[in-house]
Amino acid sequence: MSLKIRVITPDKIVWNTPAEEVVLPSTTGQLGILNDHAPLITALEIGVLRVKLEDNWKPIILLGGFAEVENNEVTILVNGVEEVSEGDLTAAKSELEKASIELENAQTDKEKIEASQKLKKVSARVQALTFL
């Protein structure tokens, strides 16, 4: 028996697939979901969702949202996703450095929030690329 994973954005269903295991980027840390997990609702951070399909991990970047686990179904409602394919890890790490500097140099609250969000996205991209 496997889990059924659905990732849904406001405009489409991104994933609808069976999986062996899921790791969610919850607001309280990484959350692993296996078959017969207890019912759960959790808020999700900007971060990497990892899904184990046929002994391979597939990462996808989630841009915040919620997940519900019930009866071996994981429904993930998110603001958006960023699909990750083989990419340039060096370029992503360079982008991460720039985003860190932007956050350090942010002056206004608005700049700090925007820089923080960008840093989370770029950090998730670097993390996702390391899983490929």
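The values are calculated or read from the model by the stated rules, or taken from the named source; none is laboratory data. As the structure is a computational prediction, the values presented were derived from the model and not from experiment. So basically every Cβ, Gly included, is an ideal-geometry build from the backbone, and we count neighbours across all protein chains shown. Each accessible area value is taken on the protein alone, full model and side chains, heavy atoms only, with ligands, DNA and RNA left out. Shrake-Rupley method; radii C 1.70, N 1.55, O 1.52, S 1.80 Å.
What to note about this one:
- Segment 61-109, residues that are part of a strand (DSSP E or B) and out of contact with any Lys or Arg (no Cβ under 8 Å at 6 or more places or on another chain): 62, 64, 65, 66, 67, 68, 69, 70, 77, 78, 81, 83
- Residue 87 under 17 Å from residue 119 (Cα atoms) and of a type in the set (Gly, Ala, Ser): no
- Some residue of segment 5-12 being of a type in the set (Ser, Thr, Tyr) and open to solvent by 50 Å² or more (accessible area, probe 1.4 Å): no
- Taking the conditions (1) assigned by the TED database to the domain that holds residue 10; (2) of a type in the set (Gly, Ala, Ser); (3) surrounded by fewer than 17 Cβ atoms within 10 Å (Cβ to Cβ); (4) more than 21 Å from residue 18 (Cβ to Cβ) in turn, residue 38 satisfies each one other than (4).
- Any hit, segment 16-26, residues being within 13 Å of the chain's Cα centre (by Cα), open to solvent by 40 Å² or more (accessible area, probe 1.4 Å) and either under 17 Å from residue 120 (Cβ atoms) or assigned by the TED database to the domain that holds residue 120 (or both): no
- Verdict on residue 80 being open to solvent by less than 20 Å² (accessible area, probe 1.4 Å) and under 18 Å from the mean Cα position of the chain (by Cα): yes
- Residues of segment 41-62 that are modelled with pLDDT of 95 or more, under 13 Å from the mean Cα position of the chain (by Cα) and open to solvent by 30 Å² or more (accessible area, probe 1.4 Å): 43 alone.
So that you can scan it fast, the table gives a plain yes or no per residue for (1) within 18 Å of residue 29 (Cα to Cα); (2) of a type outside the set (Asp, Glu); (3) open to solvent by 80 Å² or more (accessible area, probe 1.4 Å); (4) touching a residue at least 60 places away in the same chain (Cβ under 8 Å):
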residue	(1), (2), (3), (4)
96	no, yes, no, no
101	no, yes, yes, no
108	no, yes, no, no
111	no, no, yes, no
114	no, no, yes, no
119	yes, yes, no, no
122	yes, yes, no, no
128	yes, yes, no, yes
131	yes, yes, no, yes
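- Residue 76 vs. criteria in contact with a strand residue (DSSP E or B) (Cβ under 9 Å, 6 or more places away or on another chain) and either at pLDDT 80 or above or of a type in the set (Gly, Ala, Ser) (or both): yes
- Checking each residue in segment 63-77 for being surrounded by 13 or more Cβ atoms within 10 Å (Cβ to Cβ) and either touching a Pro at 6+ places or on another chain (Cβ under 7 Å) or not charged (D, E, K, R) (or both) picks out 63, 64, 65, 66, 67, 69, 72, 74, 75, 76, 77.
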